[in-house]
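Report on one structure; see the data block that follows.
The values are calculated or read from the model by the stated rules, or taken from the named source; none is laboratory data. Fair warning: this is a prediction, and the values are worked out from it, not measured in the lab. Don't worry about glycine lacking a Cβ; one is built from the backbone with ideal geometry, like all the others, and counts go over all protein chains shown. Please note that ligands, DNA and RNA were not included when accessible areas were found on the heavy atoms of the full protein model with its side chains. Shrake-Rupley method; radii C 1.70, N 1.55, O 1.52, S 1.80 Å.
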Amino acid sequence: MVENLFWVGYIGAAASLVFALIQARKVMKFSEGDEKMQKIAQAIRTGANAFMKRQYSTVAIILGGIFLLLAALAYIPLLFGQSGYINVFTPFAFITGGTLTALCGFIGMKVSTNANARTAHAATESLNKALRVSFASGSVMGFIVNGLAILEITVWFMLLKYAFKQPDDVIAYTMVTFGMGVAVVAVFARVGGGIFTKAADVGADLVGKVEAGIPEDDPRNPAVIADNVGDNVGDVAGMGADLHESNSNALVATIAISFGAGYGIAGFMLPIIVSVVGVICSIIGTFFVRTKEQTDQKSLLGSLRRGVYVAGGLAAVITMPLIYYIANNAPAQTEGIANPMANNVWGLCGAVIVGIIAGFIVSLFTEYYTSDASKPTRELAASSESGAAPLMIGGLSLGMKSTAGPLLTIGGAALASFCISGGMDYLRNGGILDYNAGLYGIGLSAVAMLATNAIILATDAFGPVADNAGGIAEMAHLPAEVRERTDALDALGNTTAATGKGFAIASNAFTGLALLVSYVNVALAEMGKGCETCVELGENCSDHALNLAITNPPVLIGFFAGAAVVFLFAALCMSAVQRAAQSIVKEVRRQFKEIKGLLEGKEGVEADYATCVDICTRGALKEMVAPALLTIAAPILVGLVLGSAGVVGYLAGIIVIGFSMAVFMLNSGGAWDNAKKHIEQGNFGGKGSDNHKAAVIGDTVGDPLKDTAGPSFNNVITVSCTVAIVFIGITVAFSLL
């Protein structure tokens, strides 16, 4: 029977984590190169470890404060014989979710900082060997993220269901509060790491490449080590926490909606089983990633696509019979009444297929607009012949144009998933079970989209390792062909990073919809607690129904508030990068001026790298707090002022506007970056030309868009939704409206 399949989660988690360990050991077997390469790699490791230690110390204090607040809301009312504003499991679910998210980022960073010099050394032999090392490093992150997500959700489910004997609605609510902990740590990791990496990158590029005219990653540049540290703490640790959050919240959102659809234990187990299948297929897909010695983007993209498509195709095929088995063996929820899942097998299969296809379509749109093998980015590079201004205008236009395809894809996929999973019957005849069944289909699509997240993240996370490898090759004065190979992998990494971020934000849009509906369900239940009629009938009476019409002022004002927070969050992130980068620019200029012989490259004269690392660390830790706390506090404040209806409007604004802004920022920034790399390959004047300087300016503007603000909207969406759900008791009890 289905209730006896809980062990599948443990099997999937074990397979994922063991494979991650095997890949990590594989990376460590490669040589780190000569003494100079080892010294550079050690400097990067030291800086990354120092930042992560200080960042997590800050986050731990904030997590502790939130834990105490949640504990007070849960337990203090019990002392006076009243029900808590949240359930008693919430504080502990929150803290475990946050801790494991931090662990994902830390492990990914440790592996990447050990893989960068090894990738550079491997590139002295062949492009394929360099790809093998960097991809193995990225796969560690991918499989750690998925393995821990499956493990922690399975453990919590088993504890709540069998140890504490909790009903389905309590389990679903507690799972969402677990998701809140995941999302809160992820937003700090993504924002803090993003500020660090882009402050260093922008400062190094503006003074080094634009003002001084020295190559990228030149050892004379004092910010070069900080730039390489940033690749690890932002694009690896931050990204790992981000994707762990996307995967975890897709699972918990689907679980949260399952009891409303009447699916019971089968609805709880199905998303976990789909994720386990995705992990197994991702392991198989990794063996199909290999390349020849061609360094053109088309060949390299084909190598990575092969692994991703194999994993996705296998997952789709294997999942179908499992859905059939689970649905037809699900226990009845009421004596004499069959589980409704048995009547909706093909709809659920269709939702899985829709999710997988939608993810690939979004990634193809992203790839088309950001790859330097595609027309838009090449045209953007060509616009540099007229200077920086046309290139800037072209990049903004490209990013805006690129939002249409993903928005329509996600909208169409959400509608298709809803309709084929039971929502069509709701549209025709009404009925809450059909409505929730359709929403369950949307959540299942998000789970399916991220089921092969392990290999997708592997194709993403290898990029920063390749970027670091290129920097080490430059600083260690390795042969030119080594840098050519690492640059090819770095350019590929920019495209696959944009693709991975596209997957994450697309799935979060799905997840946000499911969490939004979970909020409505929880709000109705909470509002009906004080009504004797509701309690007697076990349902929500019309007197407590939410007025969710768009013309209802709280809903409309809430939507505007959500849009305002999206733009305010983006502004805080970008101004944080600006201020931190200005400090780096001043420091690099100072060292070029005061350290005699540094800019000339005199033997024995070295830059003060540690100072730049310290400036970035202090700047990132100071600046990350405001935007992160904004995302946590805003839904609570909106609830207190506008009530539950206002929060629904607020969340809708965050999901729609945040998704649009994320796609725009990610694709504009990715296109500017790859336009620069296209020029550096010898096109339109090559390195050092006026065209190149114009492209560098475009890249520096795009950096905080694609690596700080843009990807952080994944977390903004889920933090907003999960915080709103956790604090629904406060909203209902104390709202002004």
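Just so you know, in segment 22-38 the residues that are in a helix (DSSP H, G or I) and under 30 Å from ILE615 (Cβ atoms) include one that is most open to solvent (accessible area, probe 1.4 Å), and it is GLU35.
I'd like to know if segment 181-194 contains one or more residues that are more than 20 Å from the chain's Cα centre (by Cα), open to solvent by less than 10 Å² (accessible area, probe 1.4 Å) and more than 14 Å from PRO464 (Cα to Cα). No. Is it true that VAL663 is touching a helix residue (DSSP H, G or I) at 6+ places or on another chain (Cβ under 7 Å), hydrophobic (A, V, I, L, M, F, W, C) and open to solvent by less than 20 Å² (accessible area, probe 1.4 Å)? When the stated conditions are applied, VAL663 passes them. Looking only at residues in segment 48-64 that are farther than 22 Å from VAL613 by Cα and touching a residue at least 12 places away in the same chain (Cβ under 8 Å), the one that is least open to solvent (accessible area, probe 1.4 Å) is LEU63. Looking only at segment 592-607, residues that are surrounded by 15 or more Cβ atoms within 10 Å (Cβ to Cβ) and under 24 Å from PHE196 (Cα atoms) come to 2 in all.
Of all residues in segment 130-172, those that are under 18 Å from ALA13 (Cβ atoms) and not β-branched (Val, Ile, Thr) total 17. Exactly one residue out of SER384, SER417 is open to solvent by less than 10 Å² (accessible area, probe 1.4 Å) and over 27 Å from the mean Cα position of the chain (by Cα): that is SER384. When restricted to residues that are part of a loop (DSSP other than H, G, I, E, B) and at pLDDT 65 or above, segment 522-559 contains 9.
Counting the residues of segment 394-410 that are surrounded by 14 or more Cβ atoms within 10 Å (Cβ to Cβ) and farther than 15 Å from LYS375 by Cβ gives 8. Checking each residue in segment 465-495 for being assigned to a helix (DSSP H, G or I), open to solvent by 10 Å² or more (accessible area, probe 1.4 Å) and of a type outside the set (D, E, K, R) picks out ALA480, ASN494. Within segment 4-21, identify whether any single residue is of a type in the set (S, T, N, Q), over 28 Å from CYS281 (Cβ atoms), without any contact (Cβ under 8 Å) to a residue 24 or more places away in the chain and assigned to a helix (DSSP H, G or I), and answer yes or no. No, the conditions are met nowhere in segment 4-21. Here LYS693 fulfils each of the conditions (1) crowded, with 24+ Cβ neighbours inside 10 Å; (2) in contact with a Lys or Arg (Cβ under 8 Å, 6 or more places away or on another chain) apart from (1).
You will find that of ALA72, ALA41, ALA48, ALA60, the residue that is farther than 26 Å from ILE144 by Cα, among the small types (Gly, Ala, Ser) and either in contact with a helix residue (DSSP H, G or I) (Cβ under 8 Å, 6 or more places away or on another chain) or assigned to a helix (DSSP H, G or I) (or both) is ALA72 and no other.
Taken over segment 355-387, the criterion of being of a type in the set (A, V, I, L, M, F, W, C), touching a residue at least 60 places away in the same chain (Cβ under 8 Å) and more than 14 Å from ALA671 (Cα to Cα) is satisfied by ILE356, ALA358, VAL362. Might you let me know whether segment 435-458 holds any residue that is farther than 22 Å from SER275 by Cβ and either open to solvent by 10 Å² or more (accessible area, probe 1.4 Å) or of a type in the set (D, E, K, R) (or both)? Within segment 435-458, one or more residues are farther than 22 Å from SER275 by Cβ and either open to solvent by 10 Å² or more (accessible area, probe 1.4 Å) or of a type in the set (D, E, K, R) (or both). The set of residues in segment 366-399 being in contact with a helix residue (DSSP H, G or I) (Cβ under 6 Å, 6 or more places away or on another chain) and hydroxyl-bearing (Ser, Thr, Tyr) consists of THR366, TYR369, THR370, SER371, SER374, THR377, SER383, SER384. Return the residues of segment 82-121 that are in contact with a Phe, Trp or Tyr (Cβ under 7 Å, 6 or more places away or on another chain) and within 18 Å of VAL140 (Cα to Cα); say none if nothing qualifies. Hits for segment 82-121 are ALA102, ARG118.
Here TYR368 clears all of (1) open to solvent by less than 40 Å² (accessible area, probe 1.4 Å); (2) touching a Pro at 6+ places or on another chain (Cβ under 8 Å); (3) at pLDDT below 95 except the condition numbered (1).
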